[in-house]
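S.K.: The following block contains the structure, expressed as C-alpha cells.
The values are calculated or read from the model by the stated rules, or taken from the named source; none is laboratory data. Quantities reported herein were computed from a predicted structural model and do not represent experimental measurements. Don't worry about glycine lacking a Cβ; one is built from the backbone with ideal geometry, like all the others, and counts go over all protein chains shown. To get the accessible areas, we keep the full protein, side chains included, count just its heavy atoms, and leave off ligands, DNA and RNA. Shrake-Rupley method; radii C 1.70, N 1.55, O 1.52, S 1.80 Å.
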Amino acid sequence: MRYVEKHFDAPVVIQHEQELTSVNLDEASLLKRKKTEALDGNSLYKEQIRSTEYIPHWKDLQAQMCQDQGGVCCYCGLKLQFPDTQHYSVEHVQPRSKFPELVGEYKNLLLSCHSSELERAQLKKTIHSKKERKNTLHCDEFKDNKELHYSPLQADCALHFSYKLNGEVKGRDEKAEEDIETLNLNCHSLKERRRKQMLAYSFLATNPQEMLDIDSLRAYRKEVEKRDANGNHGEFYFVIADLLDQLLPVV
C-alpha cells in the first residue's frame, strides 16, 4: 500500500464536484437527506453516480484517479488494465453501504484491481467451493463493505507495511495485520506474483557478492519511484521500494 495524492484542483475533479452538486448527490445534500430518509449507498452508486444521465463525466474522473495512482491498484500495486472496466473497480474507501453521503465524492474514491467475468467463470470451473473461490480474490473484490484502519488516502500508510522476498506482506502492527486480512493481500496468487517480480532484481538476493553498493542502491531506489512517459508506475513499484529501504542504512 502506498499513499495516493489527490488533485482536487484538477479541472475534471472540479467539474465532477459541480455535476454532483447540480443533481444533489454531493456530500452536503446527501447528509441533509440522510436526516429524514434511509439512504441506500449501493443503489445511489449503481443507479445514479455511474449513470451519464446524472454524472456525464464519470469516466473522466476515473481517468484522473488512474493518473493519481500511476496506473496501479491502490492496494496491491498490480497494474490496472484501465480503461477496461472488466479489470478494475471504483473503490469506496469508506464503504458506500455505511457512508452513502460519500458515494460520489472524489476524496473517498480510488481504483482497485478486479477479476473479469471470464476469469470468474473459469475459476468456477476449477474451484467448486464458493468459500475457496472467495479466498482467491483480493483488494476491493475481497474487502466488500469492511472498513480499513489504514488506507492509501493516509500519507503515512506505507509505514505500516513491509514486504518479504517470498512475496509476503507483513503488518508492522495489529491494525495493519487486520487490513492485510481484510484485503487478502497474502492470497497465493498475489504472493506468487510479487515473488516472481522480485526475482527480476538480482541485487535483492542475500548473497553479498550480488549486492549493489549503497550509492547504487540509493540511485536505484529513486528510479523505482519514477513514472514512465505515460505517467505510470511499474507493477509493485512500492514493494520493490520497500525492499530497497530495508537494505539501505537508516539516516
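S.K.: For the full complex of protein chains and a 1.4 angstrom probe, list 16, 114, 160 by accessible area with the highest value first.
M.R.: Reading off the accessible areas and sorting them downward yields 114, 160, 16.
S.K.: Would you mind getting the accessible area per residue of the chain, heavy atoms of the protein chains only, 1.4 Å probe, in Å²?
M.R.: On a per-residue basis, 54 Å².
S.K.: Can you give the FRET efficiency for residue 248 and residue 181, using 1/(1 + (r/R0)^6), R0 = 30 Å, r = Cβ-Cβ distance, to the nearest 0.05?
M.R.: It comes to 0.55.
S.K.: Just to confirm my numbers, what's the Cα centroid distance between the stretch 124-167 and the stretch 72-98 in Å?
M.R.: So the separation of the two Cα centres works out to 12 Å.
S.K.: Related question: Points 7 angstrom from Cα along the Cβ direction at residue 14 and residue 201: gap in nanometres?
M.R.: Using points 7 Å along Cα→Cβ, the separation is 3.9 nm.
S.K.: So, one more: With everything on Cα atoms, drop me the angle between helix 117-126 and the longest principal axis of the chain, reported from 0 to 90° to the nearest 10.
M.R.: It is inclined by approximately 60 degrees.
S.K.: What spacing in nm lies between the two simple spin-label points modelled at residue 121 and residue 188, each 7 Å away from Cα in the Cβ direction?
M.R.: So the two model labels end up 2.4 nm from each other.
S.K.: Only helical DSSP H runs with n ≥ 4 go in: add -39500 (n - 2.57) per run for the chain, normalise by residue count and round the 222 nm mean residue ellipticity to 500 deg cm²/dmol.
M.R.: When only DSSP H runs of four or more count, the value is -11000 deg cm²/dmol.
S.K.: While we're here: Using a 1.4 Å probe on the protein heavy atoms, what percent of the accessible area of the stretch 31-88 belongs to carbon and sulfur?
M.R.: The computed percentage sits at 47.
S.K.: Also, I was wondering about something else. With contacts defined as alpha carbon pairs under 8 Å and 6 or more residues apart, what's the relative contact order of the chain in percent?
M.R.: 21
S.K.: Placing unit charges on C-beta atoms (Lys and Arg positive, Asp and Glu negative, everything else neutral), compute the dipole magnitude of the stretch 82-147 about its Cα centre in debye, rounded to 20.
M.R.: 400
S.K.: Distance between the C-alpha centers of the stretch 32-68 and the stretch 1-26? Whole Å please.
M.R.: The distance from the Cα centre of the stretch 32-68 to that of the stretch 1-26 comes to 11 Å.
S.K.: Sticking with this structure for a sec: Beyond 22 Å, what share of the Cα-Cα pairs of the chain remains, rounded to the nearest whole percent?
M.R.: Cα-Cα pairs in the chain separated by more than 22 Å: 59 percent.
S.K.: With Cβ to Cβ distances under 15 Å as the rule, what net charge do the other residues near residue 194 carry (K, R +1; D, E -1)?
M.R.: Taking every Cβ under 15 Å from that of residue 194, the sum is +4.
S.K.: Compute the distance in nm between two label points, each set 7 Å from the Cα along the Cα-to-Cβ direction, one at residue 132 and one at residue 227.
M.R.: According to this spin-label approximation, the distance is 4.2 nm.
S.K.: Near residue 144, within a Cβ-to-Cβ distance under 13 Å, what is the net charge of the other residues, with Lys and Arg +1 and Asp and Glu -1?
M.R.: Once positives and negatives cancel, what remains is 0.
S.K.: On average, how much area does the Cα convex hull of the stretch 5-85 cover when viewed from any direction, in nm²?
M.R.: Dividing the Cα hull surface by four gives the mean projection, 6.2 nm².
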